[in-house]
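A.B. asks: Before I ask anything, here is the structure I am working with.
The numbers here are math on the coordinates, done by the rules we state, and not lab data. Note that the structure is predicted; figures quoted are calculated from it, not measured. Neighbour counts are summed over all protein chains in view; Cβ atoms, including those assigned to glycine, are modelled from backbone coordinates with ideal geometry.
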Number of protein chains: 4
Amino acid sequence: MKLTLKKNAYGKNAVNLSKIIRHANYHEFRQISVNVSLEGDFETAHTLGDNSKILPTDTQKNTVYALAKEHFVDSIENFGLCLANHFVQNNPPVSQATIEITEHPWTRMTFDNEPHHHAYVGGGSEKRTTTIVQTADGITVTSGLKDLLILKTTDSGFEGYIKDQFTTLKETADRILATQCEANWIYTSHDLDFTALFEKIRETLLKTFAHHKSLSVQQTLLAMGSAVLEENDVVNEISLIMPNKHHIPFNLEQFGLDNKNEIFIATDEPFGYITGTVTRE
Amino acid sequence: MKLTLKKNAYGKNAVNLSKIIRHANYHEFRQISVNVSLEGDFETAHTLGDNSKILPTDTQKNTVYALAKEHFVDSIENFGLCLANHFVQNNPPVSQATIEITEHPWTRMTFDNEPHHHAYVGGGSEKRTTTIVQTADGITVTSGLKDLLILKTTDSGFEGYIKDQFTTLKETADRILATQCEANWIYTSHDLDFTALFEKIRETLLKTFAHHKSLSVQQTLLAMGSAVLEENDVVNEISLIMPNKHHIPFNLEQFGLDNKNEIFIATDEPFGYITGTVTRE
Amino acid sequence: MKLTLKKNAYGKNAVNLSKIIRHANYHEFRQISVNVSLEGDFETAHTLGDNSKILPTDTQKNTVYALAKEHFVDSIENFGLCLANHFVQNNPPVSQATIEITEHPWTRMTFDNEPHHHAYVGGGSEKRTTTIVQTADGITVTSGLKDLLILKTTDSGFEGYIKDQFTTLKETADRILATQCEANWIYTSHDLDFTALFEKIRETLLKTFAHHKSLSVQQTLLAMGSAVLEENDVVNEISLIMPNKHHIPFNLEQFGLDNKNEIFIATDEPFGYITGTVTRE
Amino acid sequence: MKLTLKKNAYGKNAVNLSKIIRHANYHEFRQISVNVSLEGDFETAHTLGDNSKILPTDTQKNTVYALAKEHFVDSIENFGLCLANHFVQNNPPVSQATIEITEHPWTRMTFDNEPHHHAYVGGGSEKRTTTIVQTADGITVTSGLKDLLILKTTDSGFEGYIKDQFTTLKETADRILATQCEANWIYTSHDLDFTALFEKIRETLLKTFAHHKSLSVQQTLLAMGSAVLEENDVVNEISLIMPNKHHIPFNLEQFGLDNKNEIFIATDEPFGYITGTVTRE
């Protein structure tokens, strides 16, 4: 039986780039991490060690820095589109280029309601993301966010579930709901105002999470995804990953004290892991 | 246009369990992390908040601890098979159960060539893994390892690649090759001596890596995957992820010193990312 | 020569606690990690295995949760003072109790300029901290912040330094200055409005960083520390840790492009590490 | 009241260096991370932004790579001594140089009992460490290890401790004892066979941990430290940090099952934190 090389890809990950965009009255500071991944006719590199069709990952990295000067001027989506196109157009063996960009948040400092010209605070866990896939057949733009830590102290319950011999969880009509949300949505076009859309979709996700009367993480997830699709014709599909970051009531009764949903053990592991994709039929 | 819930799943991740298996002359210590994920007829949980078909992730966690007593006695594959079967058999709405188990390595201490009865050293990055998927159609066992850090100081080069306007990498016939290897292989059966197979496949991966005259990571990856398939009829397919952990020669020439491939900057980011799957036709 | 047990301590670290404080119109959500460390007359525990003077770390953990109900109502400093006092007063062998508390930031969601009643966003790297040390001689309150990521795109240079045979750094009058700041300041009293002081000191640190014309990290560090002492009589001393998170200009000239301080490699390692303490004479 | 700059220091951290030492029959591969920290007459850098006494941290980094060629040939202690001496001797403003080196473990691959010439496995958490402090008054060599994960499944108990209103822990004569050990010992000289001593002291730590009948972590800690001092005249003092990595029996009784110390929840947080220093009088 013959062996075959199936799916294979190579590229450079974690190309960490920062840029100062110098406006007339202020500096804009941006920081991103770029992953490049190429697929195509690379079989002889694997079978013969023939690198003549291989664009080194070091060159991919250089390309990201070089093209950033002219082309990283607004959204990460537009810069990703430029990179994907560059690799497909200039490298005949490449049948698919995938560009993933993660943007690290930096917020301008403000003093006395005056935004500062060039000083920033960073460090938030939430990151804006995009994945651009370009092939001969077309271009797909998937955008999203990850590591968005959100929590509500009420309007969340979990009741009426299956009980079996290993059930110990107590039903509750009032619990903390917390998640480190990841969302990825697919746009219908690659010519959009991606930054405005991102802000609008993020707001919808937050607002739906905050206002939902949650009977389960699953129900809240569907509500969040549906709201994004309902409000945005340019989004075809959205996937959500909503790990349940448990805050478990601490048993104060053993010390003769009441715990009226006040004191919790904040845990990282184990965690519930709820995922779902909402699409248009 | 109607919205539809597509793929969705829920479960418990990072169920961290340790076990002492008490043998006549010594204690065996095992530590694992288990992820459970269930798919099936859960639409009403999303649409109506009806949890009557939902087995809480807390109960899933309890089940892992409870079944470990009788059923975690040898390989992680066998324990995973037991867990997957339990969730499918006992929960009619479940059409697919996926169990992922990661085993953390512990090595018995040895003094004067005598293995100690009950003391262990842990802490290695390399972990043995398995993923069991059970549906009405059957069971798939995929096993592997991850975070295996391997390095060779020679017998690795990279030459003859594409040069373009952004090329700065110098060709070399002698470089360090280092990777944090992840491998996942699919077995043809779920009734095998998984531990013996794991040890044999791991040895093949290491040996092939060590002895290969590498013209590229891609070529070494294919050699490693092919060797596993050639030596193991019970493996159908193997996927390898081999990030290139670069060790970059430090420019000593600027200080009037030679660097004969001696002194390197060890870097974490950016890193090359090479993946491939080898299968039988 | 006889062996002696010198400094020793024990306690519980990473007691992760969250609390909902229920106000009339909204919920306040707080999340902290508490470390407890006790020193005192514990020699026989070490020498004889006599635990009769040992308060188990598990009990310390329970105590944190139990006292949080009544006593974690405002600043982490006040809760820390309560905990330190509890352990010293109730355990005669304890000569010193040290309580470290780290508070994880949660920000109320706001929609249409209306703060939401019970929904929060978390995930910032910056954390507020305090360390309370109580002995028979008195109480010391040290407060601070850590992992505050701040950056300025200009008004920072580094010139006129020593050159030797290993110098390759180019002098510059205009560079990015970025740091992951940690600050710890010692209060003169333990009866203060700690939260108002924290907000004021944090603002001073940010403002000084933003407005300083920096000739070195050292100079900016001293300016920041001095400003805090000048504006706050209740602070005796401040220590700052300011790792230099380098953003290194990428060499675009090799591709025939200009880099007018626009495109940088964002690096994590290696990093400069600058520390200093400012005090009143 | 005048403000004063007290203790201050600067340097470069995380200088990540790897080296191939080419022996006749095999390659030796070493990987280290170096921190350099300088103290001295740097007040004008802080007060005036006068950098004329400042050796840039970038130059410190270059120096580490440059000196590694000739001087990193055996122990990390000897390389650290060389670096500390270089910085003190060549920079008059420097009154103290502190060099910290962490060595990452790499183990030669072995096939059929034959060590391979140039292939290695890495990835262990345990790291060998040293800190060299050189001043006009002399040189101190402190060596150690960290992140050594050790565990014993029996011969450990914890009984007879204080009970109060917050006690819930049950006494036990048989529990798992696990710790992520850090040890630092001070040598009496800087002219020693540091690698042989390291191996001997590490063996003593492991052996004492394994064979001790532990009545508390405190007692085991003292036994381990004392054994090192008793067996090594060239060690003056040793400090141990032994966090208690709890493995908590899972309550199987609630499901009608016995848990005869078999099934445990492996936890990371919270954790006990026990420290102590043993010295010669």
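A.B. asks: Provide the FRET efficiency to the nearest 0.05 for the D:THR44-D:GLU281 pair, computing r from the beta carbons and using R0 = 41 Å.
C.D. replies: Details: r = 44 Å, r/R0 = 1.07.
About 0.40, to the nearest 0.05.
A.B. asks: In debye, nearest 20: dipole of the stretch B:1-93 around its Cα centre with unit charges on the Cβ of K, R (+) and D, E (-)?
C.D. replies: 180
A.B. asks: How far apart are the B:TYR26 label points across copies, placing each 7 Å from Cα toward Cβ, in nm, shortest first?
C.D. replies: So the distances to the same position in the other copies read 2.5, 6.1, 6.6 nm.
A.B. asks: Placing +1 on the Cβ of each Lys and Arg and -1 on the Cβ of each Asp and Glu in the stretch A:171-281, which of A:GLN254, A:CYS181, A:VAL228 has its Cα farthest towards the positive end of the resulting dipole?
C.D. replies: Ranked along the dipole, the leading option is A:GLN254.
A.B. asks: Further question: With a 10 Å Cβ neighbour count serving as the proxy for reagent exposure, in which order, fewest first, do C:GLU77, A:GLU262, C:GLU114 appear?
C.D. replies: Starting with the residue having the fewest Cβ neighbours, the order is C:GLU114, A:GLU262, C:GLU77.
A.B. asks: List the relative contact order of the stretch D:146-279 as a percent without decimals, with contacts defined as Cα pairs under 8 Å and 6+ residues apart.
C.D. replies: 26
A.B. asks: Which angle between 0 and 90 degrees, to the nearest 10, do you get for helix C:57-71 versus the longest principal axis of chain C when only C-alpha atoms count?
C.D. replies: 80
A.B. asks: Scan the stretch B:24-101 for chymotrypsin sites (Phe, Trp or Tyr not before Pro) in coil per DSSP, keeping those whose Cβ has at most 15 other Cβ atoms within 10 Å, and list them by number. The partial results should precede the final answer.
C.D. replies: Numbers: sites: B:TYR26, B:PHE29, B:PHE42, B:TYR65, B:PHE72, B:PHE79, B:PHE87; in loops: B:TYR26, B:PHE42, B:PHE72.
The qualifying sites are B:TYR26.
A.B. asks: Which order do A:ASP74, A:ASP137 fall in if you start with the one that has the fewest other Cβ atoms within 10 Å?
C.D. replies: Listed from fewest to most nearby Cβ atoms, that is A:ASP137, A:ASP74.
A.B. asks: Say the dipole of chain A comes from +1 at the beta carbon of Lys and Arg and -1 at that of Asp and Glu; which of A:HIS86, A:HIS212, A:PHE72 then lies farthest toward its positive end?
C.D. replies: Ranked along the dipole, the leading option is A:HIS86.
A.B. asks: Continuing with this model, one more query. Given the -39500 (n - 2.57) contribution per DSSP H run of 4+ residues, what per-residue ellipticity at 222 nm results for chain C, rounded to the nearest 500 deg cm²/dmol?
C.D. replies: Value at 222 nm, helices only: -8000 deg cm²/dmol.
A.B. asks: If you don't mind, there's one more thing I want to ask. In debye to the nearest 20, how big a dipole does the stretch C:146-279 give about its Cα centre with +1 on each Lys and Arg Cβ and -1 on each Asp and Glu Cβ?
C.D. replies: Value, rounded to 20: 280 debye.
A.B. asks: Using Cα pairs closer than 8 Å and at least 6 residues apart in sequence, work out the relative contact order for chain D, in percent.
C.D. replies: The normalised contact order for chain D reaches 12 percent.
A.B. asks: I want to verify a result. In a Gaussian network model of chain A, Cα cutoff 10 Å, which of these has the top mean-square fluctuation: A:ASN62, A:ASN251, A:ASN91?
C.D. replies: Answer for the Gaussian network model of chain A: A:ASN251.
A.B. asks: Work out how much length C:LEU257 to C:LYS213 would gain on full extension: take 0.36 nm times their residue separation and subtract the Cα-Cα distance, in nm to one decimal.
C.D. replies: The C:LEU257-C:LYS213 span can extend by a further 12.9 nm.
A.B. asks: Further, regarding this structure: Can you list the copy-to-copy distances for D:SER189, using a point 7 angstrom from Cα toward Cβ, in nanometres, shortest first?
C.D. replies: The answer, with the shortest distance listed first, is 5.8, 6.4, 8.0 nm.
A.B. asks: Mind giving me the nanometre distance, one decimal, between the label points for B:TYR26 and A:ASP191, set 7 Å out from Cα along Cα→Cβ?
C.D. replies: Taking the simple label geometry, B:TYR26 and A:ASP191 are separated by 7.0 nm.
A.B. asks: Now a separate question. Which trypsin sites (Lys or Arg not before Pro) in the stretch C:93-170 pass both tests, a DSSP loop state and at most 15 other beta-carbon atoms within 10 Å?
C.D. replies: C:LYS163, C:LYS170
A.B. asks: Taking neighbour Cβ counts within 10 Å as the exposure measure, how do C:PHE209, B:PHE250, A:PHE198 sort from fewest upward? Before the final figure, lay out each step's value.
C.D. replies: Details: C:PHE209 27, B:PHE250 24, A:PHE198 21.
Exposure proxy ranking, most exposed first: A:PHE198, B:PHE250, C:PHE209.
A.B. asks: Gaussian network model of chain B, Cα springs within a sub-10 Å range: biggest mean-square fluctuation belongs to which of B:THR135, B:THR102, B:THR172?
C.D. replies: B:THR172
A.B. asks: Here's a follow-up. If you place +1 on the Cβ of every Lys and Arg, -1 on the Cβ of every Asp and Glu, and leave all else neutral, what size is the dipole of the protein assembly as shown about its Cα centre, to the nearest 20 Debye?
C.D. replies: Using Cβ point charges on Lys, Arg, Asp and Glu, the protein assembly as shown gives about 0 debye.
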